[in-house]
Amino acid sequence: MTHTDPYRGYALLRDKGRVFWSGDYFGGAWVVTGHDDVRAVLQDPRLSAQRTGGWLMQPADDAGLPRQELADLQQLFARALLFLDSPDHPRVRRAMHAAFQPASIMALKPRIVAMVDALLDGIEARHAAGEPFDFIDEFARLLPAEVIAALLGLSPEPPGQFARWSSQLASFLGATRPSVTGVLRARDSMLALRGFFEDEIERRRPRRGGDDLLGRLIMAADAGQIHGMTELLSQCAMLLFAGYETTRHSLGTSLYWLLSHPGAWQRLQSDAALLPGAVRELLRWDSPVQYTGRRARSDFELCGEPVRRGDLVVPLIGAANRDPAKYADPDSLLLDRKVGMPLSFGAGPHVCIGAMLTLTELEVALTRITQRWPALERLPMAERWIEQPLYRGLEALWLRRDSRTVRGSGMPPASRLH
């Protein structure tokens, strides 16, 4: 498996069987490769999302680090929505559900359009036509941070240390065998995020609520729907991190692959109606999250294999999205493919609560970029892919626009972006 192209490796893994044991994931796990099997695993009540204990503590045990050193990190991870089971999971999800409803996302959309245009304006102001610029650094890292901050009701400027906190959390989450150094860096970053939100909540509490997501979470905590400060802080930290990390990767890889397929780039410019389906196809083609994990609650058979209580099961989302049993010609990027909702957002109770927000950001960004920069070019510099198996994205993407740039003042209004 390579970071540049993991999909050839996935094809070989599919040949090993629907489910097989591998020592490459967290010291040993059942790996699931096919689309329908991955979907079934994500919906299977015999499998638990609670899986942080050994994952966090094993590196500390191996290094002789006292477990109490990681107690705060363990508590924050264990109470985050991502790692909760029923009845806690639906209880916490309901507390933030309204903020991710279609009406709420549509109400936020004009602000997203304005954010996208401001970032593109900034690139044009800093770089003359023909001058190279790094799209990841100057756009993809910035837009999702601004959007999730707006959703939460934070100040327009994200905290200065946020990129570093997020990077260290992503490195830890993406390590199949976390090192004690990685665990400690993740602890420091998570505690820094906790401190940031403690200050923000203390500042907001006198107002008792508000229409933004943070206000709703504070009211849910006051009403007992969120249980305690640790659970409240866990949701805040993970929302900010998760809403940033996956979307920035999707922005980079989507533009990278469109520019790598000139026919697709031209089709998108000439037929804007393709865009919603094209975004889903781009996410199928190259998912920002390549796998997830579940822990067996009891002994049972999975595709004929004997799973034991406590075993880890790893559904390979990246492999499932390229499964030839599900998709005809899966290794081709077809903008008009009827994808539906790809497994990039998961399935079942833990399907990504922010899926529509991510889709909206991608649709707005690609609409504006294709209209404003029709002759955008990907430069033949060696691209740098993130070197870990969980998250799939680019560290840098160098582009160049030419003099045929369409100025922002000539853009259609937000109401015409569908």
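The values are calculated or read from the model by the stated rules, or taken from the named source; none is laboratory data. The structure presented is a predicted model; accordingly, all values stated were derived computationally and were not measured. Here the Cβ positions follow ideal geometry from the backbone for every residue, glycine too, while neighbour counts run over all protein chains shown.
Residues in the range 243-279 that are surrounded by fewer than 22 Cβ atoms within 10 Å (Cβ to Cβ), out of contact with any Ser or Thr (no Cβ under 8 Å at 6 or more places or on another chain) and farther than 18 Å from I136 by Cβ: H261, P262, G263, A264, Q266, R267, S270, D271, A273, L274, P276, G277. Only one entry in E281, E301 is out of contact with any Gly (no Cβ under 7 Å at 6 or more places or on another chain), in contact (Cβ under 8 Å) with a residue 40 or more places away in the chain and among the charged types (D, E, K, R), namely E281. For the range 90-110, taking the residues that are buried (at least 16 other Cβ atoms within 10 Å of the Cβ) and among the charged types (D, E, K, R), the one that is nearest to the chain's Cα centre (by Cα) is identified as R93.
For V38, the stated conditions hold: it is surrounded by 16 or more Cβ atoms within 10 Å (Cβ to Cβ), among the hydrophobic types (A, V, I, L, M, F, W, C) and in a helix (DSSP H, G or I). Of the residues making up the range 324-337, those that are more than 12 Å from L274 (Cβ to Cβ) and of a type in the set (D, E, K, R) are K326, D329, D331.
Of the residues making up the range 172-185, those that are among the hydroxyl-bearing types (S, T, Y) and modelled with pLDDT under 80 are T176, S179. Among the residues of the range 4-23, those that are surrounded by 14 or more Cβ atoms within 10 Å (Cβ to Cβ) and either in a loop (DSSP other than H, G, I, E, B) or on the phi > 0 side of the Ramachandran plot (or both) comprise P6, G17, R18. Taking every residue in the range 323-341 that is at negative phi and pairing it with any residue that is basic (K, R) and assigned to a loop (DSSP other than H, G, I, E, B), at least 6 positions away or on another chain, the pairs with Cβ-Cβ distances below 7 Å are P330/R322; D331/R322. Which ones in the range 304-329 are part of a strand (DSSP E or B) and surrounded by fewer than 19 Cβ atoms within 10 Å (Cβ to Cβ)? Result: E305, P306. Among the residues of the range 216-226, are any crowded, with 21+ Cβ neighbours inside 10 Å, assigned to a helix (DSSP H, G or I), touching a helix residue (DSSP H, G or I) at 6+ places or on another chain (Cβ under 9 Å) and free of Cβ contacts under 8 Å to residues at least 24 places away in the same chain? Yes, the range 216-226 contains at least one residue that is crowded, with 21+ Cβ neighbours inside 10 Å, assigned to a helix (DSSP H, G or I), touching a helix residue (DSSP H, G or I) at 6+ places or on another chain (Cβ under 9 Å) and free of Cβ contacts under 8 Å to residues at least 24 places away in the same chain. Here E245, E231 are screened, and the one residue that is in contact with a strand residue (DSSP E or B) (Cβ under 8 Å, 6 or more places away or on another chain) and modelled with pLDDT under 95 is E245.
Being of a type in the set (A, V, I, L, M, F, W, C) and either crowded, with 24+ Cβ neighbours inside 10 Å or under 26 Å from the mean Cα position of the chain (by Cα) (or both) is true of L282.
Against the conditions (1) part of a helix (DSSP H, G or I); (2) within 22 Å of L12 (Cβ to Cβ), A264 satisfies every one except (2).
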